[in-house]
1. Being in contact (Cβ under 8 Å) with a residue 24 or more places away in the chain, touching a Lys or Arg at 6+ places or on another chain (Cβ under 9 Å), open to solvent by less than 90 Å² (accessible area, probe 1.4 Å) and outside the structural domain of Asn132 (by TED's automatic domain parsing) narrows it down to one residue among Gly203, Gly284, Gly268; which is it?
2. Could you please give the count of residues in the stretch 43-89 that are over 20 Å from Gln154 (Cβ atoms), open to solvent by 90 Å² or more (accessible area, probe 1.4 Å) and of a type outside the set (Ser, Thr, Tyr)?
3. Does Leu238 fit the bill of being outside the structural domain of Ala141 (by TED's automatic domain parsing), over 25 Å from the mean Cα position of the chain (by Cα) and under 21 Å from Glu168 (Cβ atoms)?
4. I'd like to check something: does the stretch 113-135 contain any residue that is within 11 Å of the ligand (Cβ to nearest atom), open to solvent by less than 20 Å² (accessible area, probe 1.4 Å) and over 16 Å from the mean Cα position of the chain (by Cα)?
5. Within the set of pairs 6 or more residues apart or between chains, which connect a residue that is farther than 17 Å from Val30 by Cβ inside the stretch 49-62 to a residue that is within 12 Å of the ligand (Cβ to nearest atom) and open to solvent by 80 Å² or more (accessible area, probe 1.4 Å) with Cβ atoms less than 9 Å apart?
6. If you scan the stretch 98-111, which residues turn out to be modelled with pLDDT of 95 or more and more than 10 Å from the ligand (Cβ to nearest atom)?
7. In the stretch 256-266, is there at least one residue being closer than 24 Å to Pro134 by Cβ, touching a helix residue (DSSP H, G or I) at 6+ places or on another chain (Cβ under 6 Å) and not small (Gly, Ala, Ser)?
8. Among (1) within 10 Å of the ligand (Cβ to nearest atom); (2) under 20 Å from the mean Cα position of the chain (by Cα); (3) of a type in the set (A, V, I, L, M, F, W, C); (4) crowded, with 17+ Cβ neighbours inside 10 Å, which single condition is Val92 missing?
Amino acid sequence: MIPTTQPNNSDYTNKPIIAFIGAGNMAEAVIGGLYASGHPTSRLRFSEPYEPRREYMESKFPECMSATDNNKVIKDADVVILAVKPQVLRQVVADLIFESNTLIISIAAGIRTTDILRWLKTPQPLVRCMPNTPALIGEGAVGLYATDRVSEAQRDTTVGIMSAVAKEVMWVDKESLIDTITGMSGSGPAYYFLFMEAMTNAGISAGLTPEQAKALTVQTCLGAAKMAQQSEDDLATLRKKVTSPNGTTEAALKSMEAANIRQIIQDGVLSAERRGKEIADEMGRD
Ligand SMILES: NC(=O)c1ccc[n+]([C@@H]2O[C@H](COP(=O)([O-])OP(=O)(O)OC[C@H]3O[C@@H](n4cnc5c(N)ncnc54)[C@H](OP(=O)(O)O)[C@@H]3O)[C@@H](O)[C@H]2O)c1
């Protein structure tokens with residue numbers, strides 16, 4: 001939830017002016033995260049063509065500058081975040097007019113930096129970013145790839161922005177790894193939801209109420225994730241520690257291993273990665 005007051009921060013001028021093109025879910029999450037971290041609202045802007053959505057965002061962030069004209073919000077901005085759907089990105093980018101070394105961060109899933117740079121009128125520093133939906137509650141995992149023109153200071157700025165909505169912010173030095181990250185953390189929340197659905201259904205079919213089954217499943221997922229994060233043991237060791245010989249956990253894991261669960265998950269991640277590359281090929285086509 002976005003707090004009603006911002007933390008004190010008198011040193012406003014060293015904060016970048018950040019303009020969002022597209023004020024949808026992701027933009028709302030990042031603006032909300034920046035707001036909560038004390039980024040001055042006078043240095044946050046957004047453009048959004050859809051009037052009800054723009055009005056909603058204006059009521060939520062009344063001090064941010066807003067517009068329908070994308071070029072109006074990017075004027076004098078230090079950072080421009082492309083937060084529109086991939087399908088409209090090309091047209092949006094082709095119409096933007098930059099006057100300086102403004103950093104562009106694209107969160108549009110699947111679109112390659114070579115395509116965005118080709119569509120731009122001017123050669124800008126560009127970062128490709130892959131967030132995930134937990135960013136909407138400040139728990140995101142983000143992959144980043146920087147093109148040649150991005151300075152160290154701009155890298156730091158990017159990390160600062162994404163840290164407002166993510167607990168894990170990671171640079172990769174090969175852009176193809178962003179497709180891998182898409183298949184892991186980008187699409188990953190859905191894999192965990194599927195696993196939790198299946199576990200919940202098992203509990204319901206054995207007689208628990210849906211509420212009981214969901215509560216136990218979700219807390220188990222959260223607890224296991226926190227243990228994995230906080231423990232010095234690796235994942236295999238953690239698994240072995242809860243698997244007593246001939247016990248209940250071992251029975252479950254044997255059944256899952258017999259169904260080849262590891263291969264199923266790996267194949268799933270690789271399918272997402274492959275699909276990401278296909279979408280990038282389709283979207284980037286001349
Ligand atoms: N949501 C996620 O969890 C997530 C995760 C990873 C990556 N992403 C990526 O982040 C990007 C944004 O996703 P989202 O979920 O925030 O999408 P979204 O809620 O649909 O937001 C996109 C916004 O951009 C607006 N827009 C459309 N055309 C525009 C234009 N020409 N100029 C300015 N704004 C325009 C849209 O308005 P209209 O409604 O009028 O079209 C919409 O409000 C996507 O590329 C998505 O792939 C999202």
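1. So the residue among Gly203, Gly284, Gly268 that is in contact (Cβ under 8 Å) with a residue 24 or more places away in the chain, touching a Lys or Arg at 6+ places or on another chain (Cβ under 9 Å), open to solvent by less than 90 Å² (accessible area, probe 1.4 Å) and outside the structural domain of Asn132 (by TED's automatic domain parsing) is Gly284.
2. So the count comes out to 8.
3. Spelling it out, Leu238 is indeed outside the structural domain of Ala141 (by TED's automatic domain parsing), over 25 Å from the mean Cα position of the chain (by Cα) and under 21 Å from Glu168 (Cβ atoms).
4. No: zero hits.
5. So the pair list comes out as Pro49/Thr68; Glu51/Thr68.
6. Thr102, Leu103, Ile104, Ile105
7. No, because not a single residue in the stretch 256-266 is closer than 24 Å to Pro134 by Cβ, touching a helix residue (DSSP H, G or I) at 6+ places or on another chain (Cβ under 6 Å) and not small (Gly, Ala, Ser).
8. So the condition that Val92 fails would be (2).
The values are calculated or read from the model by the stated rules, or taken from the named source; none is laboratory data. Note that the structure is predicted; figures quoted are calculated from it, not measured. Don't worry about glycine lacking a Cβ; one is built from the backbone with ideal geometry, like all the others, and counts go over all protein chains shown. The protein model used for the area step is the full one, side chains on, heavy atoms only, and it has no ligands, DNA or RNA in it. Shrake-Rupley method; radii C 1.70, N 1.55, O 1.52, S 1.80 Å.
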